[in-house]
Amino acid sequence: MTQLVIFDLDGTLLNTIGDLAVSCNAVLALRGLPQHSYEEYCRFVGNGIMRLVERALPEALRTPYTVEAVRRDFVEYYLAHIDEHTVPYEGIPELLAELQRRGIRMAVASNKFQAGTEKLIGRYFPAIHFDAVFGQRPGVALKPDPAVVGEILTATGTAAAQTLYVGDSGVDMQTAAAAGVRSVGVTWGFRERPELEQSGAGCIVDHPSQILQEL
């Protein structure tokens, strides 16, 4: 009965942690600040660029001025190096192609800034039609606020009961619950299975092909 599948981006469709980590470490290095491991960045991401920068900075430097300055540098560097280490997860291109073949509509709801979200979708999935590709934009609350899901449902004319939301984090599962849509948690992303379980995932899958069984 599913007519629409909404995907999170980072950690769900694409493994972006390499480029996020390299970009953030680069702007930290310019300021002579401590850098972080890929594993640490897996915990830093998921709540938008501002929160990523805040978490990456030493606590004493988490002032509005410094966070905004580092955020600007990060966005500039990241957009120039956005696809150097990023790859689709195994099985994702095939899943998207199959959903498109079946006539199921697709959308993206990400906490990544809008320009980065659009660039990655265009770069890695040029043959896939997404009805909506929404990242972080001024005036729209970040997930787990369900505003972005509401936008997508309105734009596509789809009922919540006919919608499946797919993501890799507790934030995603909370977003789905708040929006009243079914959720699928994926284990190949940046968070661990217990976080998905504790956040109320409707079901949890270990490979993209298993999502087809939840439609």
Taking neighbour counts of Cβ atoms within 10 Å as a proxy for exposure, in what order, fewest first, do TYR165, TYR124 appear? TYR124, TYR165
Please tell me the relative contact order of segment 17-80 in percent, rounded to the nearest whole number, where contacts are Cα pairs under 8 Å and at least six residues apart. 38 percent
Cα convex hull of segment 17-80, projected area averaged across orientations, nm²: 3.8 nm²
Just to be sure I understand the model, the point goes 7 Å from the Cα along the line to the Cβ. What's the resulting GLU195 to SER209 distance in nm? 2.7 nm
In what order do LYS112, LYS119 fall by count of nearby beta-carbon atoms within 10 Å, going from fewest to most? LYS119, LYS112
In deg cm²/dmol and to the nearest 500, what is the mean residue ellipticity at 222 nm of the chain if only DSSP H runs of at least 4 residues count, each as -39500 (n - 2.57), divided by the residue total? -13000 deg cm²/dmol
What is the distance in Å between the Cα centres of segment 79-123 and segment 31-46? 23 Å
Calculate how steeply helix 92-101 sits against the longest principal axis of the alpha-carbon atoms of the chain, using the helix alpha-carbon long axis, and give the answer as 0 to 90 degrees to the nearest 10. 40 degrees
When DSSP beta bridges are limited to those with both residues in the chain, what percentage is antiparallel, rounded to the nearest 5? 10 percent
Helix 147-156 axis, angle to the chain major axis (alpha carbon atoms, nearest 10°): 40 degrees
Could you check which residue among GLY48, GLY32, GLY11 shows the biggest mean-square fluctuation in a GNM of the chain with a 10 Å Cα cutoff? GLY32
Can you give me the relative contact order of the chain as a percent, contacts being Cα pairs under 8 Å and 6 or more apart? 25 percent
Amide H contacts under 5 Å for ASP168, restricted to residues at least 5 apart in sequence or on another chain and with H modeled in the peptide plane, are VAL186
Pop the C-beta distance of GLU76 and SER37 into the FRET formula with R0 = 25 Å and round what comes out to the nearest 0.05. 0.60
The exposure ranking of CYS203, CYS24, fewest beta-carbon neighbours within 10 Å first, is CYS203, CYS24
What the 10 Å binned alpha carbon P(r) of the chain shows, as percent of pairs per bin from 0, is 8, 36, 36, 16, 3, 0
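We did not get these values from a lab; they are worked out from the coordinates using the rules stated. Worth saying up front: this structure is predicted, and the values here are computed from it rather than measured. Quick reminder, even Gly has a Cβ in these numbers, built from the backbone with ideal geometry, and neighbours come from all protein chains shown.
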